[in-house]
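Visitor: Mind having a look at this structure? Questions to follow.
What follows is calculated from the coordinates using simple rules that are stated; it is not laboratory data. Treat the numbers as computed from the prediction; the structure is a model and nothing was measured. When we count neighbours, we look across all protein chains shown, and the Cβ atoms used for this are built from the backbone with ideal geometry, even at glycine.
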């Protein structure tokens, strides 16, 4: 039987591809930490390498998404992950900063090429909202396994082991994609829709998602530092981060369950508001319980809201171009967020992060407000 988005063989392949392509979302704190502690880089150099990976990913997503209908999905996904595996493997074998920088860019370009094809294929499925929730749940499980195992491997074997683990993840995804990447809808059907101009609501929704991703990255980069600054204790803060991983298993299945029970416009408008309130809870409170509550549920809001946003974009643009650009929407925020957050903290302290989050969330709400976008989703049900 051919692998498609409507059978579990194809869905399992998309789950693996989503986890591999989104590895930065899970591994970024460990990634930067290993570059500093294991390779002796300063924070700016370490952050620069991660940013280069993300910039490569954004560039690839913007290039691939408009051309999805003309690309062989299986070959593109498999080749992208294979090249990323080679690049990460090479990073684990070199020491020169410039060489590592070039390899990070190559890895970002290759991994995001495969991820863009993955997201476009999900967007062209029969129920993009539900399928994106499924792969989102898989990413949550992957995150727990990664954080539970990889840091221990790195501690036992050494810093290069991190990049060998990345290479192994990408190589596994390449093999899985080569064997069972699902077929997209008939090329003619997609191509007929791909030449149309993207509606204004698509651009607004994409900007809204990018704003939420910016707030997510800006705050998440400093969750541990906020706790340390308020003397909550390293072990206590680590416990919060572990709990956060398990909480993140909830929002994707919940979004799938509520797909036909909740007005999507309500979710899209309320998501940034809740995100901003949790940011204020973390940054303004001087006691542990409010800080912990805000930190544990902060990422879950993004996961839940983005699942509805993905369904919205798939409904507004059935060609797959908009959802194919999902990595760009998310990784622009991931690349800018830590730098912006660090600047805000340097100028005005950790409490100012919450107010910055409120301003950015207001922009996201303004983008999600138009009723036409929500009506497009409702019409697809």
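Visitor: Tell me the Kirkwood radius of the range 200-379: reciprocal of the mean inverse pair distance over distinct alpha-carbon atoms, in Å.
Guide: 16.5
Visitor: Using a ≥ b ≥ c from the Cα gyration tensor of the range 33-97 (square roots of the eigenvalues), is it rounded, prolate or oblate, where a/c under 1.5 gives rounded and otherwise the larger of a/b and b/c decides, a/b for prolate?
Guide: Oblate, since a/c reaches 1.5 and b/c is not below a/b.
Visitor: In whole percent, what relative contact order does the range 1-155 give with Cα contacts below 8 Å and a gap of six or more residues?
Guide: Relative contact order comes out at 36 percent.
Visitor: Here's a follow-up. Cα centroid distance between the range 1-60 and the range 127-161, in Å?
Guide: Centre-to-centre distance over Cα atoms comes out at 10 Å.
Visitor: In whole Å, what are the extents of the range 8-192 along the principal axes defined by its C-alpha atoms, from largest to smallest?
Guide: Here the spans come out as 52, 30, 24 Å, largest first.
Visitor: Could the peptides 73-81, 226-234, 61-69 be put in order, highest first, of the mean number of other beta-carbon atoms found within 10 Å of their residues?
Guide: 73-81, 61-69, 226-234
Visitor: Find the relative contact order for the chain and round it to a whole percent, using C-alpha pairs within less than 8 Å whose residues are 6+ positions apart.
Guide: Taking the mean separation of contacting Cα pairs over the length of the chain, I get 27 percent.
Visitor: Then there is this: Show log10 I(q)/I(0) for the chain at q = 0.12 Å⁻¹, two decimals, from a solvent-free Debye sum over equal Cα scatterers.
Guide: Evaluating at q = 0.12 Å⁻¹ gives log10 I(q)/I(0) of -0.88.
Visitor: Rounded to the nearest 500, what is the chain's calculated 222 nm mean residue ellipticity when only DSSP H runs of at least 4 contribute -39500 (n - 2.57) each, over all residues?
Guide: So the helix-based figure for the chain works out to -27000 deg cm²/dmol.
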